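The values are calculated or read from the model by the stated rules, or taken from the named source; none is laboratory data. Because the structure is a prediction, the values reported are computed rather than measured. All Cβ positions, glycine included, derive from the backbone under ideal geometry; neighbour counts span all protein chains shown. Ligands, DNA and RNA are excluded from the accessible area calculation, which covers all protein heavy atoms including side chains. Shrake-Rupley method; radii C 1.70, N 1.55, O 1.52, S 1.80 Å.
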Amino acid sequence: MVNLKVNLCGKELKNPVIPASGTFGFGREFHELYDISVLGGVATKGLTLLPRLGNSVPRIAESHGSILNAVGLQNPGVDAFLENDLEWLKNKTRVLANAAGSTLADYGAICEKLNGKVDFIELNISCPNVKCGGMAFGVKPESVEEVTRVAKDRCPDTPLIVKLSPNVESIAANAQAAQRGGADAVSLVNTFTGMAIDIERRRPVLANNTGGVSGAGIKAIAVRMVFEASRAVSIPVVGMGGIVCAEDAIEFLMAGATAVEVGTQNFTDPLACPKIIAGLERWCEAHSVENISELTGTLTLNS
């Protein structure tokens, strides 16, 4: 019998598979299709202090092996989440509340509201598709450290996972900055900044002009970044970016991730996460792996 349990920041997850923020809402719609208590956890829709309507449409564009989104953190606000969704979700699985802001004060305030109420706070400092969001805080190591310290000071009772932007000079340096700021873990990668052009209109497809690229096409870059980040810090790493099957998830684990988040594939196949969990168990059985946590960081480089 394979043990799929993993330990993330001192908390046990029944398996390492977590739907990524922005691809799973607060879980209610997916629960109509399967019992989401099978999941290791759920990363919520990105939450802000006040409700957001998001960006103008069109805000989704498909491409080859990826999608481009500029939804703009549409959400009901943190207070509505706490009142209407948290207790329901907590009764199902671990809750990673994704928290976003436009200022340091925003980040501090939302973390204070979430402190002690959720299992983890995932600090979104890396969303590339909002015009006045946290992307600026996720670019330079100095700002990563600053926003992390402000957030952690306001959530001392809850593990803080800092979600890193891939649109940076050095992912290792930014992971180290998050650790210096007090992060209990880091997650990566968020989406890459991209653009799609309507060649008949000679205008960007998205109303926001640019957006975030996600999907299977980014996996190889994401795996490399998770590997680099995990080698640079002593805190856990949650890996994501283009995971569509169990074998993809195993790559991230071997590269150094303790757990993984599955994003765009939830749109392609709403049953993606339970299929990946089942696939992880089959792979471990076939390879005589008793505890899936044993796979983390086992990659050996070619000489």
If you go through the range 125-143 one residue at a time, do you hit one that is open to solvent by 60 Å² or more (accessible area, probe 1.4 Å) and touching a strand residue (DSSP E or B) at 6+ places or on another chain (Cβ under 9 Å)?
no
Determine whether V57 is touching a residue at least 40 places away in the same chain (Cβ under 8 Å), open to solvent by 60 Å² or more (accessible area, probe 1.4 Å) and of a type in the set (V, I, T).
yes
On the given criteria, is S170 farther than 15 Å from I121 by Cβ and either within 17 Å of the chain's Cα centre (by Cα) or modelled with pLDDT of 95 or more (or both)?
yes
Quick check on my filter: what residues within the range 160-181 are among the polar types (S, T, N, Q) and crowded, with 24+ Cβ neighbours inside 10 Å?
S165, N174
List, please: which pairs have Cβ atoms under 7 Å, are six or more places apart or on different chains, and start with a residue in the range 270-281 that is under 18 Å from G22 (Cβ atoms) and open to solvent by 40 Å² or more (accessible area, probe 1.4 Å) and end with one that is part of a helix (DSSP H, G or I) and not basic (K, R)?
P270/F30
For the range 243-269, enumerate the residues that are among the polar types (S, T, N, Q) and open to solvent by less than 60 Å² (accessible area, probe 1.4 Å).
T258, T264, Q265, N266
Only listed residue being modelled with pLDDT under 95 and surrounded by fewer than 16 Cβ atoms within 10 Å (Cβ to Cβ), chosen from S63, S37, S102
S63
Sort out which residues of the range 1-26 are on the phi > 0 side of the Ramachandran plot and within 15 Å of the chain's Cα centre (by Cα), and write them in order of number.
G22, G25
Test for I250: is it farther than 20 Å from T191 by Cα and in contact with a Phe, Trp or Tyr (Cβ under 8 Å, 6 or more places away or on another chain)
yes
I'm told L206 meets every condition in (1) touching a helix residue (DSSP H, G or I) at 6+ places or on another chain (Cβ under 9 Å); (2) hydrophobic (A, V, I, L, M, F, W, C); (3) surrounded by 24 or more Cβ atoms within 10 Å (Cβ to Cβ) except one. Can you identify the failing condition by its number?
(1)
Out of D119, D184, D157, which single residue is open to solvent by 30 Å² or more (accessible area, probe 1.4 Å), touching a residue at least 40 places away in the same chain (Cβ under 8 Å) and touching a Leu at 6+ places or on another chain (Cβ under 7 Å)?
D184
Would you be able to tell me the number of residues in the range 9-27 that are open to solvent by less than 20 Å² (accessible area, probe 1.4 Å), touching a Gly at 6+ places or on another chain (Cβ under 8 Å), within 15 Å of T264 (Cβ to Cβ) and not β-branched (V, I, T)?
2
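State yes or no: is L50 more than 26 Å from I276 (Cβ to Cβ), aliphatic (A, V, I, L, M), at pLDDT 95 or above and surrounded by fewer than 22 Cβ atoms within 10 Å (Cβ to Cβ)? First the steps, then the outcome.
Numbers: more than 26 Å from I276 (Cβ to Cβ): yes; aliphatic (A, V, I, L, M): yes; at pLDDT 95 or above: yes; surrounded by fewer than 22 Cβ atoms within 10 Å (Cβ to Cβ): yes.
Considered against the rule, which asks whether it is more than 26 Å from I276 (Cβ to Cβ), aliphatic (A, V, I, L, M), at pLDDT 95 or above and surrounded by fewer than 22 Cβ atoms within 10 Å (Cβ to Cβ), L50 comes out as yes.
Give me the helices (runs of 4 or more DSSP H) completely within the range 220-303, filtered to those with at least 1 residues that are more than 23 Å from E122 (Cβ to Cβ) and more than 15 Å from the chain's Cα centre (by Cα), ordered by residue number.
Helices (runs of 4 or more DSSP H) meeting the threshold: 246-255, 272-286.
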Conditions (1) assigned to a loop (DSSP other than H, G, I, E, B); (2) out of contact with any strand residue (DSSP E or B) (no Cβ under 8 Å at 6 or more places or on another chain); (3) within 17 Å of I67 (Cα to Cα): number failed by E200:
(3)
